[in-house]
Amino acid sequence: MPITERTKRLKARCRWKHTSAGEFVDETVRTGIERARLITESHKNTVGEPRVIRRARGLANILNNITIIIQEDELVVGDHIEHPEAIPLYPELSYFVTLDLVQSKYCPDEVKEEAMEICNYWEPYTLQRKGEAYYTEDELERAYQFSTVEGPAFVTGFNSIVPPYETVLEDGLQKRIELIQAKLDDALAQLREFPWDASKNLPLLEKINNWRAMIITDEAVIAWARRHARLARIIAENFETDQNRKKELMEISDICNRMPAEPAKGLRDAMQSKWFVFLVAHGLERYASGYAQLEDKLLYPYYKTSVIEKSFQPMTRDEAQELVECERLKVSEHGSCKDRGHREAFPGSNDLFILTLGGIKTDGSDACNDMTDIILDAALSIRTTEPSIAFRWHPKGRMETKKRVFDCIAAGLGYPSIKHEDVNYSQLLKWGATPEQARDWLLVLCMSPGVAGRRATQKCRTEGGGSLFVAKCFEIALYNGFDPTFSNTQQGPETGNAEDFDTFEKLWEAFAKQIQYGVSLAVKGKDIARTIEQHYLQIPFVSSIDDGCVETGKDASGLVELPNPWHNIILNTTASDSLVAMKKLIYDDKKYTMKELITALQANWQGYEDMRRDFLNVTKWGNDDPYADEITVKFYDMLADEFAKVTMYSGVAPMPLGQSVGHYITVGSKIGATPNGRLHGEAADDGGCSPYMGADKKGPTAVLKSVSKINHRKFKGMLLNQRLSAEQMRSEKGFDIWLDYMDTWYDLDLDHVQFNVASTKELMAAQEEPEKYPDLIVRVAGFSARFVDLSRYAQDTIIARTEQSFGVAQ
Amino acid sequence: MEPQIKMPLITNIQRYSLDDGPGIRTVVFIKGCPLHCPWCHNPENISNKMGLYFHADKCERCGRCVAVCPENAITLLEFDGSLPQRDRDKCSQCMKCVLECPTGALEQVGETLTMDDILRESVSDMPFYRKSGGGVTISGGEPLLFPEFTLELARELKKKYVHVAVETSGFGDWEHLSKIAEYADLFLFDLKHMNSLRHQAVVGVPNNIIHDNLRKLVNLNRVVVRVPVIPGFNNDNHNFNTMAEFLKSLNRPVASVDLLPFHNFGEKKYRQLDKKYNYKGMPNMQKEEVTEFMEILKGTVNTTIGGITIQ
């Protein structure tokens, strides 16, 4: 239950932005027009100015003129949009996405014409059209199928970021402006020096533009925050009749006057300042997914001031929890503007909001603190799917915090997901982070670690993120690179037909080539998008709060101080189980010929039921079986090897990251029958290296043993789903057993694990009577969703995951 | 060369078991039991012969099992839509029907495994045993029905530093039991009824051998007594008062007593084995229904209710 009457009311009227099968569940969701209108107006008025200045003025025009909102009961205020039911448009990003939304039912009639005009105005200037210029028609066709690879970033417009909140909370934007002004003054002074030195001076020209743009945006952000201060005071003085609320509004006014211009002093300051930064970085300057932050570490100093010492903005622990509840509801209401493909990919969710807690501090001690506990308590009391939480697990973690992690999981929230402290810490050292930097790691999206801090802005979607659909690459490797089940086009290079592979090695080689083609196609799209972004879609506000960008005068979209690239490998187990079954029945036992198998696959197994049973019965990944596990581990090694051949923008090879998002449902449906016995269109495997749903017959310990054979340190991350019995978790010895399980999980050196804890009975009851289960939350992939928001199909895939229960004497 | 030992059929080696001894355990289920407790929730382990499950929900009435059965033990009426029927008395356990069944509706129960196979699977979860204080439990069926095997398995497990528990009805030769006790770390020892006649009438054997064995075993090993509380059989105060007296009279106390309230989770298996379930419609016993027995025993020995966690 929400901790106060206030948060109860706020939750009851929260405008969730969850999507299901690509559509918003709440039918009142609509597209806003103000952001699109204001950036267009500015784009027209700034013709001829340096591009980065145009970007800065565009943001300033939005901030100066967008309708601002303060809602009843709110303690954390501000939105990125003119109405809480609306989602913004970003016409400068993807033409397709804007067009799709403008033509959809979400765009209200009264603004449709204007929105279409804006959409068409931007078409030639979009990131999309600029990116397409470097591709052939055929290549674009392949990339747009969303079957072997995700659409390129310049078409989806999908991006994410981790802004360095630290600088704003510690310095305040006024101080940032002073720092930038000093850099600017120095540079201008240097230009006046003689004798003239072109090599030193000419690079300054671009930097001067960047610094000027940073100052424009910082000033605009302060002014925009202060509009909230005025509005709060106007409401308090003219409209509010409740004395308590009047007082609150005056306090909000005071906070918005000082935040984010000045350093935060108390917990309310810090929460509001952080929220403003989030809105600008993720929703106003450009669309960027994510809610990544080390929140317990960020807020603890202010918690100490307000709750322990009570020297500024004094409050009780419960009030602090209420504040976190308010924050969670703000996030739940925050509408993003994802393209249709990504809306489909995150069923039941709004966007990828994931914060990170726990871990080890730079001094080697446990990082858990009272703020960690409050955030977990608030998650359990308010029960929203977002933001999701990742917990950095290590043996030194304090027990009262681990118990709270357990309580959230046992209650069925699906989070915290758990990440291995050392596997993730060590990984960051690889690309040059110092041991101190690497200790400050967080998840930059749902699965991947990155460094946090004052000069560590993470550009996730062009540096990391994006998907390679391994099972689809595997399928086309059987058909000479042709896709016979979804697009009917040549989807990859010609690598021969399955009937020609007289040895397992030849099959393997063809598959590896398709993987290489796919990953190169995908990475190319990211690098091209990033290169264009630096020239046309700079992010001067985010740059202004990053110490590295201020120091070097570079825009955050381009600066690389610590590379952190990865690309997701998705739908792995469908491919690896298929390889195992083929090796066994075709190459080892020779029970069937390849021709027979291909005929059966093309018939979707119909008429070949006995044969299908044989392929289904071949031992599967996740049962600690040496035969299946050996091939599967080689399969993962192959993926890592192919990735290692690629060089990215940031100068290093991307690492593969095994996960699923919701793609296992949508892309799974684009894959024909597969040799693991799966039928055409059935969901593919649901997560990273997790066993295929229901294929793990030997319980959770066998799953962990299998999974531990993969060298997790060769991967950026490796998602593992476990569904544990609700009865077991909620029984008296649930916590003890789970701790033993987790400690062993840690010893086995696994990267990640996350849990679904809801009984099959409960889930099926919720399918029957959804209105009775509004708060039943499940883990879908790297995020949680309300079960009733999911499509029936997605619900069924969750139920199909093997429920790992107590071994009742069988 | 070592002498051949009589190997039992194994029905399951179940990992991540949490109710048959401390910690996270693997349970080796042996097929064959000299008792025939009517409430048995592992009825597939009573017979020492190969068994057959029929999963009605998977059957598509294709009739292949009928055609392949050499004993003509399976019949399928073509017209009335009913499922195939098996005459278990005629069955010679050839398992041809299982191999032929395209949907997995017929499943073999019991498998011949080598000692190496059993050992390999039993120790697979070693990392979990060390963390949780778990290990391997030899169960059944009745391990004492295969004393050489049980002894050998326990001995091999101890060589690998695994905690070994033996779950037994206590019905067997003391000579065997005492040897096994040299290697086992713990016995989970059933007491069912204190009245020998009643015991014999319901489960098929008297309780005097069992009680004698327990008297001797407590001198050698750690013993947890488990009492299935069965409605209409042993759920009366007199029985538990007598049990308390008996436990008090032992030379050394047992470690604890665990009361296992009756549950009907085994019912489905009876159906799958074409066996009649004697407790059809009987609800699961609630904790509260056995509290008074716990109170009786508590005066003598530490007593808990549990074993099965699923309610």
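The values are calculated or read from the model by the stated rules, or taken from the named source; none is laboratory data. Keep in mind the model is a prediction, meaning the values are calculated, not measured. Using ideal geometry, Cβ is built from the backbone for each residue, glycine included, and neighbour counts are taken over all protein chains shown.
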Discussion item. Based on this model, can you work out whether B:F187 counts as away from chain A (no Cβ under 14 Å), of a type in the set (F, W, Y) and either farther than 18 Å from B:R25 by Cβ or surrounded by 15 or more Cβ atoms within 10 Å (Cβ to Cβ) (or both)?
Written reply: yes
Worksheet item: Restricted to the stretch B:240-299, and to residues that are among the charged types (D, E, K, R) and touching a Ser or Thr at 6+ places or on another chain (Cβ under 6 Å), which residue is nearest to B:N213 (Cα to Cα)?
Response: B:K248
Worksheet, complete the sentence: Inside the stretch A:120-130, the number of residues satisfying the requirement of being part of a helix (DSSP H, G or I) and crowded, with 24+ Cβ neighbours inside 10 Å is 3
Worksheet entry | Options B:A244, B:A201; residue that is hydrophobic (A, V, I, L, M, F, W, C) and surrounded by 16 or more Cβ atoms within 10 Å (Cβ to Cβ) | B:A244
Discussion item. If I filter the stretch A:707-745 down to residues being within 28 Å of A:A640 (Cβ to Cβ) and facing another protein chain (nearest Cβ under 10 Å), which single residue comes out as surrounded by the most Cβ atoms within 10 Å (Cβ to Cβ)?
Written reply: A:W745
Worksheet item: Name the residues in the stretch A:515-572 that are under 25 Å from A:Y125 (Cα atoms), among the aliphatic types (A, V, I, L, M) and more than 20 Å from the chain's Cα centre (by Cα), would you?
Response: A:L521, A:I528, A:I532, A:L537, A:L559
Discussion item. Looking at A:V102, A:V76, can you tell me which residue is of a type in the set (A, V, I, L, M, F, W, C), touching a residue at least 12 places away in the same chain (Cβ under 8 Å), farther than 22 Å from A:G151 by Cα and buried (at least 19 other Cβ atoms within 10 Å of the Cβ)?
Written reply: A:V76
Practice prompt. Quick one: A:G807 ticks every box in (1) under 23 Å from B:T26 (Cβ atoms); (2) in a helix (DSSP H, G or I); (3) modelled with pLDDT under 80 except a single one, so which number is it?
Written response: (2)
Discussion item. Which count do you get for residues in the stretch A:27-54 that are touching a residue at least 24 places away in the same chain (Cβ under 8 Å) and more than 30 Å from A:S543 (Cβ to Cβ)?
Written reply: 3
Worksheet item: What are the residues in the stretch A:721-754 that are among the hydrophobic types (A, V, I, L, M, F, W, C), at pLDDT 85 or above and in contact with a Ser or Thr (Cβ under 8 Å, 6 or more places away or on another chain), if any?
Response: A:I737, A:L748, A:L750, A:V753
Discussion item. Testing A:G677 on (1) out of contact with any Gly (no Cβ under 6 Å at 6 or more places or on another chain); (2) crowded, with 24+ Cβ neighbours inside 10 Å, one condition comes back false. Which one is that?
Written reply: (2)
Item to complete: Report whether or not B:D258 is in contact with a strand residue (DSSP E or B) (Cβ under 7 Å, 6 or more places away or on another chain), of a type in the set (D, E, K, R) and either outside the structural domain of B:F189 (by TED's automatic domain parsing) or not in a strand (DSSP E or B) (or both).
Response: no
Response to the item:
When restricted to A:E206, A:E166, A:E219, the only residue surrounded by fewer than 19 Cβ atoms within 10 Å (Cβ to Cβ) and either under 28 Å from the mean Cα position of the chain (by Cα) or closer than 30 Å to A:A270 by Cα (or both) is A:E219
Item to complete: With the condition kept exactly as written, say whether any residue in the stretch A:760-783 is within 11 Å of chain B (Cβ to nearest Cβ) and either surrounded by fewer than 23 Cβ atoms within 10 Å (Cβ to Cβ) or out of contact with any strand residue (DSSP E or B) (no Cβ under 8 Å at 6 or more places or on another chain) (or both).
Response: no
Worksheet entry | the stretch A:63-102, subset under 20 Å from A:L127 (Cα atoms) and in a helix (DSSP H, G or I), residue nearest to the chain's Cα centre (by Cα) | A:V97
Discussion item. For the condition farther than 16 Å from A:V753 by Cα and of a type in the set (S, T, N, Q), what is the one hit in A:Q728, A:Q722?
Written reply: A:Q728
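This table checks each residue for (1) of a type in the set (S, T, Y); (2) assigned to a helix (DSSP H, G or I); (3) free of Cβ contacts under 8 Å to residues at least 24 places away in the same chain.
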| site | (1), (2), (3) |
| --- | --- |
| B:L247 | no, yes, no |
| B:H263 | no, no, no |
| B:Y279 | yes, no, no |
| B:T291 | yes, yes, yes |
| B:E295 | no, yes, yes |
Item to complete: Report yes if B:C101 is within 11 Å of chain A (Cβ to nearest Cβ), more than 30 Å from A:K733 (Cα to Cα) and among the hydrophobic types (A, V, I, L, M, F, W, C), otherwise no.
Response: yes
Discussion item. So for the stretch A:349-359 (the condition being of a type in the set (A, V, I, L, M) and in a helix (DSSP H, G or I)), does at least one residue qualify?
Written reply: no
Response to the item:
Here the residues within the stretch A:30-62 that are surrounded by 21 or more Cβ atoms within 10 Å (Cβ to Cβ) and part of a loop (DSSP other than H, G, I, E, B) are A:G32, A:I33
Worksheet, complete the sentence: Checked the stretch B:252-311 for anything among the basic types (K, R) and either closer than 26 Å to A:D736 by Cα or surrounded by fewer than 18 Cβ atoms within 10 Å (Cβ to Cβ) (or both); matches are B:R252, B:K268, B:R271, B:K275, B:K276, B:K280, B:K287, B:K298
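For every residue, the table says whether it meets (1) assigned to a helix (DSSP H, G or I); (2) of a type in the set (S, T, Y); (3) crowded, with 24+ Cβ neighbours inside 10 Å; (4) in contact with a His (Cβ under 7 Å, 6 or more places away or on another chain).
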| residue | (1), (2), (3), (4) |
| --- | --- |
| A:E533 | yes, no, yes, no |
| A:F541 | yes, no, yes, no |
| A:S557 | no, yes, yes, no |
| A:V560 | no, no, no, no |
| A:D577 | yes, no, yes, no |
| A:K583 | yes, no, no, no |
| A:Y587 | yes, yes, no, no |
